[in-house]
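Shown next, in structure tokens, is the structure this report addresses.
The values are calculated or read from the model by the stated rules, or taken from the named source; none is laboratory data. Being a predicted model, the structure only gives us computed values, none of them experimental. Positions of Cβ are generated from backbone atoms using ideal geometry, with glycine treated the same way; all protein chains shown enter the neighbour counts.
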Amino acid sequence: LPSDSDTRPRKPRDREELRLLWRKAIQQQIAIIRIQKKNKYNGHPCDDDDDGKLDYEEIPICTQEMYQMWNDIMAKESEGPLPYHTLVAAVKAGIPKTLRGEIWNFLRRQYYARDKRQSTCENSEENSLTKLLEKETTNHHHAIALDLGRTFPTHKYFLSQVGNGQVALRNVLKAYALLDSEVGYCQGLSFVAAILIMHMDENDAFECFKYILYDLHLRDQYKPDMAALHIQMYNLSRLIYDYQRDVYQNLDQNEIGPSLYAAPWFLTLFASQFPLGFVVRVLDLLFLDGIEAIYKISLMLIKHFAKPILAAGSFESTIDVLKQHLPSMVQDHLDAILEGAASLEISNQLKSFEIEYHVLHEEMLSAPELIPSDSADSRISQLESLNQHLKRQNIELVDKLANARSKINKFDETIELMKVNEVKLISRIQELQEER
């Protein structure tokens, strides 16, 4: 060993060595935080939800083994990107809801690490939540304010207008509207942001929000022309045609296109209609597979519930099955739906369908028999504008109906509770009268 008097200069560390030392220090700090969290849970890592943010039924039920599995997986992050099949198997096994926010961030980092991807949204300080919120209010302030109370209206974390839930939701939506002037704010975004806020602080939620919209390319479906949503509905229709021909023919005979039932699935990631326990599992797969996960889940829903859809018969009954019965039945079949979705490979088909859509669209616009006069461009523009308006109106009505039904269910529960209390009070009065 060198003595204290040894003044020989140390060999300077190169950039790679410094990077490895820095990564090791970060991993050590993460490990310390996890140990502190585990000590806080007192041996029950799945039950920490003091503020009610995670007030939903967990599927599958969290186990100590599941919790340990994810800790072991995340501990390997410093070794580089993990094999995709390892992550798929882990996601299929389940994610503890108390770790879900941390795991979603981990899956986001894995996405960037695979193939050395870079975020398509510039991650500068100017694009941070804090900096964006320092700016003037957005033009979408009123629309955002209206939707705050409509987003998960029965979830206790979002009940109060001045509570942490609605305040964080307002901040994330306002910051994004200021960041992305093309999209601004669109109905449906509030549900996506709220789910993220349930599982992490608002700064991390904003980063994950940008990741979903920019890097996973979901922002296109919220643009004012809704062109991407039209393509998505076409793609889903073609998938149903290829995988569930009998269901496709039945829906086609009843003139039921995907835009009548599946638009909210894409725009709210199922959150406006389906149980939260199902929705968060969709996001588990979304963080892993991107927008393909929505197609896969949608297709597996149609496949798994083909019998009730076919048995419905009429237009009204079929719509009722797709919008009401299907969300209420999905919870008991979640494992089978996720298993089927994770095993699907549809990337090449989606690329082909999108090309097919553009070819058909161009043929429709260029076919002489479909263009009645010199004012064709104006007429097409009017029809497209009307179509967009009707689609938005339909989505708004679906959201309002779902919110109204949630409130009705809440009122029914309150009435039942009041009846029970009334019986107890009558019984108590009788007891007091007998004592006299």
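Summary table
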item	result
Spans of helices (runs of 4 or more DSSP H) in segment 330-436 with at least 2 residues more than 30 Å from D147 (Cβ to Cβ) and modelled with pLDDT under 85	347-366, 376-435
Residues of segment 186-201 classified as of a type outside the set (V, I, T) and over 16 Å from H217 (Cα atoms), total	9
Test result for K135, surrounded by fewer than 20 Cβ atoms within 10 Å (Cβ to Cβ) and in contact (Cβ under 8 Å) with a residue 12 or more places away in the chain	yes
Residues of segment 159-192 that turn out to be touching a residue at least 40 places away in the same chain (Cβ under 8 Å) and assigned to a loop (DSSP other than H, G, I, E, B), as a count	7
Residue match in segment 315-324 (condition: over 30 Å from N105 (Cβ atoms), modelled with pLDDT under 95 and in contact with a Pro (Cβ under 6 Å, 6 or more places away or on another chain))	yes
Whichever residue in segment 291-320 is more than 30 Å from E354 (Cβ to Cβ) and in contact (Cβ under 8 Å) with a residue 12 or more places away in the chain and, among such residues, is surrounded by the fewest Cβ atoms within 10 Å (Cβ to Cβ)	S314
Verdict on L178 being farther than 26 Å from S298 by Cα, surrounded by 15 or more Cβ atoms within 10 Å (Cβ to Cβ) and of a type in the set (A, V, I, L, M)	yes
Counted residues, segment 200-209 - those being in contact with a Lys or Arg (Cβ under 9 Å, 6 or more places away or on another chain) and surrounded by fewer than 23 Cβ atoms within 10 Å (Cβ to Cβ)	2
Matching entry among T137, T154, T130, T120 (being of a type outside the set (D, E, K, R), over 20 Å from the mean Cα position of the chain (by Cα) and not in a helix (DSSP H, G or I))	T137
Tally, over segment 217-266, of residues that are closer than 17 Å to S314 by Cβ, aliphatic (A, V, I, L, M) and part of a loop (DSSP other than H, G, I, E, B)	1
Among residues of segment 71-101, those that are without any contact (Cβ under 8 Å) to a residue 40 or more places away in the chain and within 20 Å of F278 (Cα to Cα), counted	4
